[in-house]
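Participant: One structure is given below, represented as structure tokens, and several questions about it will come after.
Each reported figure results from applying straightforward, stated rules to the coordinates on display, with no laboratory input. From a predicted model like this one, the values you see are computed outputs, not experimental measurements. Cβ placement follows ideal geometry from the backbone for every residue including glycine, while neighbour counts extend to all protein chains displayed.
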Amino acid sequence: MKTIGISLLVGVAGYAVGVLLGMVAVNLLSANQHDKAVEAAMTGFCFVGPGLAILAIVVFVFARTIR
């Protein structure tokens, strides 16, 4: 039960970091001019955030099982 709770917290933290990283990356790298803010938000919330959350959970569970 403890592993599940910590995994959820790690996933939420990974999601938050992913959203921020996705938004920063789009703002720095995108050539889009008319709706860059929307593109940054959607990329962060719908792509990078969930991806990093899943990656964080997988890494946490893997690290927890090998110890």
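Participant: For region 2-38, give me the residue count where each residue is more than 16 Å from ILE57 (Cβ to Cβ) and touching a Gly at 6+ places or on another chain (Cβ under 9 Å).
Facilitator: Within region 2-38, residues that are more than 16 Å from ILE57 (Cβ to Cβ) and touching a Gly at 6+ places or on another chain (Cβ under 9 Å) number 7.
Participant: Do you know which residues across region 1-39 are under 25 Å from ARG64 (Cα atoms) and of a type outside the set (Val, Ile, Thr)?
Facilitator: Answer for region 1-39, where residues must be under 25 Å from ARG64 (Cα atoms) and of a type outside the set (Val, Ile, Thr): MET1, LYS2, GLY5, SER7, LEU8, LEU9, GLY11, ALA13, GLY14, TYR15, ALA16, GLY18.
Participant: State which residue pairs qualify: first residue under 30 Å from SER7 (Cβ atoms) and inside region 23-52, second residue part of a helix (DSSP H, G or I) and of a type in the set (D, E, K, R) in any location, beta carbons under 8 Å apart, and separation of 6 or more residues or different chains.
Facilitator: Sorted first by the residue in region 23-52, then by its partner, the pairs are VAL26/LYS36; VAL26/GLU39.
Yes/no matrix, rows are residues, columns are (1) more than 14 Å from the chain's Cα centre (by Cα); (2) surrounded by 17 or more Cβ atoms within 10 Å (Cβ to Cβ); (3) part of a helix (DSSP H, G or I):
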residue	(1), (2), (3)
VAL12	no, no, yes
GLY22	no, yes, yes
GLN33	yes, no, no
ALA37	yes, no, yes
ALA40	no, yes, yes
THR43	no, yes, yes
GLY49	no, yes, yes
PHE62	yes, no, yes
